[in-house]
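Q: Okay, handing you the structure first.
The values are calculated or read from the model by the stated rules, or taken from the named source; none is laboratory data. Since this is a predicted model, take the numbers as computed values, not measurements. A quick note on method: Cβ atoms are made from the backbone with ideal geometry, for glycine too, and the neighbour counts reach across all protein chains shown. Ligands, DNA and RNA are stripped out before the accessible areas are found, and what is left, the full protein with its side chains, is counted by its heavy atoms. Shrake-Rupley method; radii C 1.70, N 1.55, O 1.52, S 1.80 Å.
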Amino acid sequence: MSTAEDTAGADMQPWAEVTPDAARRLLIAAVEAFAERGYHATTTRDIAGRAGMSPAALYIHYKTKEELLHRISRIGHEKALDILRTAAQGEGSATERLADAVSSFVGWHAGGRTTARVVQYELDSLGPDARAEIVALRHQCDAEVRGIIEDGVAAGDFDVPDVPGTTIAVLSLCVDVARWFNVNGPRTPDEVGALYADLVLRMVGAKK
């Protein structure tokens, strides 16, 4: 898997929504640098150098380093929301939809672990306005998972005394995959997704 594929979450056309090509190359370089060194330790010169461009060229496409992080975070969170919403709105029981949501969400965090680490762990590096936008997207992600769990409880399929707390636990479990997943490890992203889906169904007391 190429770095570009990894940073995009293994999409067929990594970061295809970012144009022109120079802006896309800079964004990929920023993801790599932020994941490796952290946002605050990364300079615009570092990013431009990774992209094979001059520091001055970066400012043609991005006014600040924070604008790069904001765009990475927004695209990443919109992708995460799409994954969860697609599962939540799918056909099938709450058990099936929760398993689909978790396996897909975990698979994205494992397959796109470089991007996911930046998206999930650099939130506090954003300024107030950008941070508020990303927090709103996170709340929407929470709502999709919470809705599935509420459906399962209402149908008598899940035994969950604390739905909000369980929602946080489920999402935290999924997100943490980006921190430890190793492409050279014993499991593929799909295998980890299947494992975590089973664990979460046990967590919510899903009926067989």
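Q: For the chain, return all DSSP H helices satisfying: extent of Cα atoms along own axis at least 30 Å; mean Kyte-Doolittle hydropathy at least -1.0. Write out the running numbers ahead of the final one.
A: Details: long enough: 65-88 (34 Å, -0.40); 128-154 (37 Å, -0.08).
In the chain, the long hydrophobic H runs are 65-88, 128-154.
Q: With Rg/Rh (Cα atoms, Kirkwood Rh) defined as stated, name the option among (i) 1.02; (ii) 0.99; (iii) 1.06 computed from the structure displayed.
A: Recomputing Rg/Rh (Cα atoms, Kirkwood Rh) here picks out (i).
Q: Still on this structure, please answer the following. Compute the relative contact order of the range 1-152 as a whole-number percentage, counting only Cα pairs closer than 8 Å that sit 6 or more residues apart in sequence. It would help to have the intermediate numbers written out before the result.
A: Details: 158 pairs, mean separation 46.7, N = 152.
Relative contact order of the range 1-152: 31 percent.
Q: Then there is this: Please compute the modelled spin-label separation between E17 and L199, points set 7 Å along Cα→Cβ, answer in nm with one decimal.
A: 2.8
Q: Take the solvent-accessible surface of the protein heavy atoms, probe 1.4 Å, and return the percent of it on the chain that carbon and sulfur atoms account for.
A: About 50 percent, which is the carbon plus sulfur part of the accessible surface.
Q: So what's the back-of-envelope 222 nm ellipticity for the chain, counting only DSSP H runs of four-plus at -39500 (n - 2.57) apiece and dividing by all residues, rounded to 500? Kindly include the intermediate steps, with their values, before the conclusion.
A: Working: 11 runs with 147 residues, N = 208.
Roughly -22500 deg cm²/dmol at 222 nm, from the helical runs in the chain.
Q: Moving on. At 1.4 Å probe size, with every protein chain present, just tell me what the per residue accessible area of the chain comes to in Å².
A: Numbers: 10080 Å² over 208 residues.
It amounts to 48 Å² per residue over the chain.
Q: Shifting gears a bit: Using the beta-carbon distance between R85 and K208 and R0 = 35 Å, what value does 1/(1 + (r/R0)^6) give for FRET efficiency, to the nearest 0.05? Write out the running numbers ahead of the final one.
A: Numbers: r = 27 Å, r/R0 = 0.77.
Efficiency, from the Cβ-Cβ distance: 0.85.
Q: How much length is gained on full extension from Y59 to R74, taking 0.36 nm per residue of separation minus their Cα-Cα distance?
A: Working: separation 15, 0.36 × 15 = 5.40 nm, distance 1.95 nm.
That pair, Y59 and R74, stretches by 3.4 nm at full extension.
Q: Something else about it: Lys and Arg at +1, Asp and Glu at -1: add these up for the other residues within a Cβ distance under 13 Å of V145 and post the number. Please report the intermediate quantities before stating the final value.
A: Details: positive: R85, R97, R138, R146; negative: D100, D142, E144, E150, D151.
That works out to -1.
Q: Nearest 20 debye, what's the magnitude of the dipole of the range 36-193 about its Cα centre given +1 on Lys and Arg Cβ and -1 on Asp and Glu Cβ?
A: Working: 17 positive and 23 negative charges, 203 e Å.
Using only the charged Cβ atoms, the result is roughly 980 debye.
Q: Which of the GluC sites (Glu not before Pro) found in the range 11-97 are in a DSSP loop and have at most 11 neighbouring Cβ atoms, other than their own, within 10 Å?
A: Details: sites: E17, E32, E36, E66, E67, E78, E91, E96; in loops: E17, E91.
When the GluC sites (Glu not before Pro) of the range 11-97 are filtered for loop state and at most 11 Cβ neighbours within 10 Å, E91 remain.
Q: Loop only by DSSP, 13 or fewer other Cβ within 10 Å of the Cβ. Give me the trypsin sites (Lys or Arg not before Pro) in the range 40-100 that pass, ordered by residue number.
A: Numbers: sites: R45, R50, K63, K65, R71, R74, K79, R85, R97; in loops: K63.
The qualifying sites are K63.
Q: Please give, to one decimal in nm, the separation of the simple spin-label points placed at A132 and S93, each 7 Å out from Cα toward the Cβ.
A: My value for the distance between the label points is 4.4 nm.
Q: Another one. Please give the solvent-accessible surface of Y59 in Å², to the nearest 10, using a probe radius of 1.4 Å with every protein chain present.
A: Counting only protein heavy atoms, the figure is 110 Å².
Q: Go ahead and run the numbers for FRET between E36 and T188, Cβ-Cβ distance against an R0 of 22 Å, rounding to 0.05. The partial results should precede the final answer.
A: Numbers: r = 23 Å, r/R0 = 1.07.
Step by step, r from the Cβ atoms, then E = 0.40.
Q: Multiply the residue separation of E66 and W180 by 0.36 nm, subtract the distance between their alpha-carbon atoms, and state the gained length in nm to one decimal. Can you show the working numbers first?
A: Working: separation 114, 0.36 × 114 = 41.04 nm, distance 2.58 nm.
Working it through step by step, the gained length comes to 38.5 nm.
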